[in-house]
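A quick write-up on the structure given underneath.
The values are calculated or read from the model by the stated rules, or taken from the named source; none is laboratory data. Quantities reported herein were computed from a predicted structural model and do not represent experimental measurements. Ideal geometry is used to build each Cβ from the backbone, glycine not excepted, and the neighbour counts take in all protein chains shown.
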Amino acid sequence: MSKNLVIVESPAKAKTIEGYLGKDYKVVSSYGHVRDLPKGNKAIDIENGFKPTYEVTKDKKEVIKNLKKDVKGCDMVYLASDDDREGEAISWHLKEALSLNDSNTRRIVFREITKNAILNSIKSPRGIDLDLVNAQQARRILDRLVGFEISPILWRKIKRGLSAGRVQSVAVRLVVEREREVEKFESKSFFKVSALFNINSTKRLKAELPKKFESESDAFAFVNKCVGAEFSIKNLEKKPAKKTPTAPFTTSTLQQEASRKLGFSVSQTMTVAQKLYESGKITYMRTDSVSLSDDAIENAKEAIGELYGNEYIKTRQYKNKSKSAQEAHEAIRPTSFMNQNAGANSGEERLYDLIWKRTISSQMADAQIERTIATIGISTTDQTLTAQGEVIKFDGFLKVYIESTDDEESNGEDSDMLPPLEIAQKLDLNH
């Protein structure tokens, strides 16, 4: 019998962690939550401060039975569920369900599955944070109270089996209010004129007429004026500027960027990220922090210097705008920046590549650019076309990573980048 028992959420973590801790430790899994509110209206005593009643769920009775056997004879039990509200609640429920004593029960947390992180967590255990537990209980109780009232409406109106809760209910309200605004909006058509010029065999320049036409016939009348015209650069306004890299990923920004760049759904992103985390490739994937540890920044600095050169290094620490963000946690990052590739399949490899690039670019030099407004003269009319964009003088972090936007063109080209231009330069219209 091992002297120490460590209980984690997922069985995928157990074997790796046990290998780090050695023969004096046995690592087992709770397979997530072990207790929940029973069905029916008696789960929450509304008259007495919304006191909840919990029971071991049917599918976890055997798990609890086996865990009780594992606990017997152990000197110390370490509760190592995830470092968030849900994880804290799981540890508390385990303590209650297994009747564990405070004297030989400790809570440990880690944000990455690496040997140093696991050993350091064992060296600095703590008690269960009841504030986090109560926060999770409040969320669960609200889900039950609100969801039980609204879910039957969904069954009648949309589809049976759907569930409503505190978040979904508010989201539905926002969607309805927005839809009503859309219905009241009075649309009005207008027409724009744009032109595409060939600069060389690979470069194109897109320009637009600043004026918008109220009718299609007026737009075509202007286009007819331009038939056979000569086009040239009439004026160039250049302003030096810089671009700073975006902060490392939080849970929400990872989901957004994986959707834009990889076409992943939210659930797919989190499933793949969970696999990467459990295999020790990235830090914990549920976080709202954008900060990195000093060790991570130093590791990134070393990798950038080796891969791209010292001129590309510029370390920085990001801070959340929201005061409610959990700054004690780290952003999502690779556990080692020297590993440019990781993953057991294509999905994991692609998501890891995205996380690696986003994080490493956050510690790279600013991109030096030249913001340019080109005015294009038309020989057959006094009106001019305008092209706006940027010319890169030093790529900096752009050498590795460019953040996507929701309105980005589907062809994958960066429409903001301009080719080199000169005043009086003749332009070849792309017919």
Practice problem: Report, by residue number, each residue of region 113-161 that is among the charged types (D, E, K, R), farther than 23 Å from M285 by Cα and part of a loop (DSSP other than H, G, I, E, B). | Solution: K159, R160
Quiz prompt | Selection status of S265, outside the structural domain of V400 (by TED's automatic domain parsing), more than 23 Å from S404 (Cβ to Cβ) and touching a helix residue (DSSP H, G or I) at 6+ places or on another chain (Cβ under 8 Å) | solution = no
Quiz item: How many residues are among the charged types (D, E, K, R), exposed (fewer than 12 other Cβ atoms within 10 Å of the Cβ) and within 26 Å of D70 (Cα to Cα) when one looks only at region 20-55?
Solution: 2
Practice problem: Determine if region 147-158 includes at least one residue that is charged (D, E, K, R), surrounded by 17 or more Cβ atoms within 10 Å (Cβ to Cβ) and without any contact (Cβ under 8 Å) to a residue 24 or more places away in the chain. | Solution: no
Quiz item: Can you spot a residue in region 167-181 that is in a loop (DSSP other than H, G, I, E, B) and surrounded by 10 or more Cβ atoms within 10 Å (Cβ to Cβ)?
Solution: no
Self-check item: Answer residue from region 190-210, given it is modelled with pLDDT under 90 and part of a loop (DSSP other than H, G, I, E, B) and is nearest to V391 (Cα to Cα) among those
Solution: K203
Quiz prompt | Residue count for region 101-123, restricted to those that are aliphatic (A, V, I, L, M) and within 12 Å of V77 (Cβ to Cβ) | solution = 1
Quiz item: Assuming Y318 fulfils every condition listed in (1) closer than 20 Å to I402 by Cβ; (2) assigned to a helix (DSSP H, G or I); (3) of a type in the set (S, T, Y) apart from one, which condition is it?
Solution: (2)
Exercise. Among the numbered conditions (1) at pLDDT 90 or above; (2) of a type outside the set (S, T, N, Q); (3) over 15 Å from G280 (Cα atoms), tell me where H329 comes up short.
Key: (1)
Quiz item: Only one of G377, G305 is touching a strand residue (DSSP E or B) at 6+ places or on another chain (Cβ under 9 Å), small (G, A, S) and crowded, with 16+ Cβ neighbours inside 10 Å; which?
Solution: G377
Quiz item: Among the candidates R85, R111, which residue alone is touching a residue at least 40 places away in the same chain (Cβ under 8 Å) and within 30 Å of F148 (Cβ to Cβ)?
Solution: R85
Practice problem: Output the residue which, of all residues in region 355-392 that are in contact (Cβ under 8 Å) with a residue 60 or more places away in the chain and of a type in the set (D, E, K, R), is nearest to T315 (Cα to Cα). | Solution: D366
Quiz item: Out of all the residues in region 382-423, which are assigned to a loop (DSSP other than H, G, I, E, B) and at pLDDT 90 or above?
Solution: D395, V400, Y401, I423
Quiz item: For region 338-363, what are the residues that are part of a loop (DSSP other than H, G, I, E, B) and farther than 19 Å from F110 by Cβ?
Solution: M338, Q340, N341, G343, A344, N345, S362, Q363
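So that you can scan it fast, the table gives a plain yes or no per residue for (1) outside any helix (DSSP H, G or I); (2) over 32 Å from the mean Cα position of the chain (by Cα); (3) at pLDDT below 95:
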site: K42; (1), (2), (3): no, yes, yes
site: E86; (1), (2), (3): no, no, yes
site: A89; (1), (2), (3): no, no, no
site: H93; (1), (2), (3): no, no, no
Exercise. Starting from residues that are assigned to a helix (DSSP H, G or I) and under 36 Å from the mean Cα position of the chain (by Cα), keep the ones in region 63-81 and report whichever is surrounded by the fewest Cβ atoms within 10 Å (Cβ to Cβ).
Key: I64
Exercise. Sort through S291, S187 and tell me the only one that's buried (at least 19 other Cβ atoms within 10 Å of the Cβ) and assigned to a loop (DSSP other than H, G, I, E, B).
Key: S291
Practice problem: Test each condition in (1) over 30 Å from T372 (Cβ atoms); (2) touching a helix residue (DSSP H, G or I) at 6+ places or on another chain (Cβ under 8 Å) for E306 and report the one that comes out false. | Solution: (2)
Quiz item: If the Cβ limit is 6 Å and pairs must be 6+ apart or interchain, which residue in region 44-55 that is of a type in the set (F, W, Y) pairs with which residue that is not in a loop (DSSP other than H, G, I, E, B)?
Solution: F50/I44; F50/I141; Y54/R35
